[in-house]
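Structure record follows, encoded as structure tokens.
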Amino acid sequence: MLPLAIDCSVALTSAERFPQAFHDRIGGTIVVGARRGYSLDIKVRRLLDQVQSNVRR
């Protein structure tokens, strides 16, 4: 948890208009806002459901 806290604290303490986490600054990436997100939580949940159903077989 400590590396995640350090990484995110860089973005929270940034005075820039578009704050970046430490790994974004190192990698030179940016965050692009969108109306509809990627829904990663739903995709991970479906993957876990598939794994559980395969294990039960």
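The values are calculated or read from the model by the stated rules, or taken from the named source; none is laboratory data. None of these values were measured; they are calculated from a predicted model. Here the Cβ positions follow ideal geometry from the backbone for every residue, glycine too, while neighbour counts run over all protein chains shown.
Do we have VAL44 as among the hydrophobic types (A, V, I, L, M, F, W, C), at pLDDT below 85 and out of contact with any Asp or Glu (no Cβ under 6 Å at 6 or more places or on another chain) here?
No.
Name the single residue, out of those in the stretch 9-57 being acidic (Asp, Glu) and in a helix (DSSP H, G or I), that is surrounded by the most Cβ atoms within 10 Å (Cβ to Cβ).
Applying the first criterion (acidic (Asp, Glu)) to the stretch 9-57 yields 16, 24, 41, 49.
Of the ones still in play, those that are also in a helix (DSSP H, G or I) are 24, 41, 49.
On the way: ASP24: 16, ASP41: 9, ASP49: 10.
The selected residue is ASP24.
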